[in-house]
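The values are calculated or read from the model by the stated rules, or taken from the named source; none is laboratory data. Just so it is clear, the structure is predicted and the values come from calculations on it, not from any experiment. Cβ coordinates were reconstructed from backbone atoms using ideal geometry, including for glycine residues, and neighbour counts include every protein chain displayed. The accessibility values were calculated without ligands, DNA or RNA, using every heavy atom of the protein model including side chains. Shrake-Rupley method; radii C 1.70, N 1.55, O 1.52, S 1.80 Å.
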Amino acid sequence: MSDYIITYCKKKFYPLEPVIEDIMIEDIAHSLSMLCRANGHYDSFYSVGAHCINCYEEAVARRESARIKMACLLHDAAEAYISDVTRPVKKNISNYADIEEKLLNMIYEKFLGSPLNEYEEKVVKMIDDAMLYYEFYEFTAIKLEDDLPYVCATPDFYRGTMKQVEKEYLDIFNNIDLREETEVKETIKWIR
């Protein structure tokens, strides 16, 4: 039994002892485009990659910083290496959150230069939760809350094939300019 997985890019990746040089955006884009949200319980396939693109587009519509845009694209990137666990189970598996956080911070370190600060984490989580509510309603017709959260962008839940989502994810990643000067603004008002 091995302590590593073989990635799409043919890397030996050790999820419990990750090495930053082994993290590849191509592995992330490919894997997330093939992983289904909600453990496959939606009425049609909707990938984690498509969800991340919708989060990125919401950050763009809100005129967030390039760091937050990139963080929205990458916020589920650890799932490319450790898969996903539903929220009710995740909070009851000892060490899972620590493993996920360590890996995600390493991904942010590689692609953003540092982990997210508290404000960035709150904004990304708020956007992630808003997309969750809309996608859940889209695919199940069930509202998780009485009122759907406010969003600026119109989420696209039917982005095409897995290959199309993978390509779009990589195109977005390659076109985010982290040197972009963004007016510092307080969007904390969006956070409930």
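Observations
- Stretch in the chain that is longest and holds no GluC sites (Glu not before Pro) that DSSP places in a loop and that have at most 16 other beta carbons within 10 Å: 1-144
- Cut-off 13 Å between beta-carbons: net charge of the residues surrounding K11, Lys and Arg +1, Asp and Glu -1: -2
- Cα lying deepest toward the dipole's positive end in segment 38-134, options Y134, A38, A66, charges on Cβ: A66
- Looking at the chain, the accessible area is 55 square angstrom per residue; that uses a 1.4 Å probe and ignores ligands, DNA and RNA.
- Span-like helix ranges in the chain, DSSP H, alpha carbon extent 18 angstrom or more, Kyte mean at least 0.5: 48-61
- Computed magnitude of the charge dipole of segment 68-175 (debye, nearest 20; Cβ of K, R +1, Cβ of D, E -1): 220
- Overall form of segment 79-188 per C-alpha gyration tensor (a/c, 1.5; a/b vs b/c): rounded
- A Cβ-based charge dipole, computed about the Cα centre of the chain with Lys and Arg at +1 and Asp and Glu at -1, lands at about 140 debye.
- Inter-probe distance in nm under a simple model that places probes 7 Å from Cα toward Cβ, at D43 and Q164: 2.0
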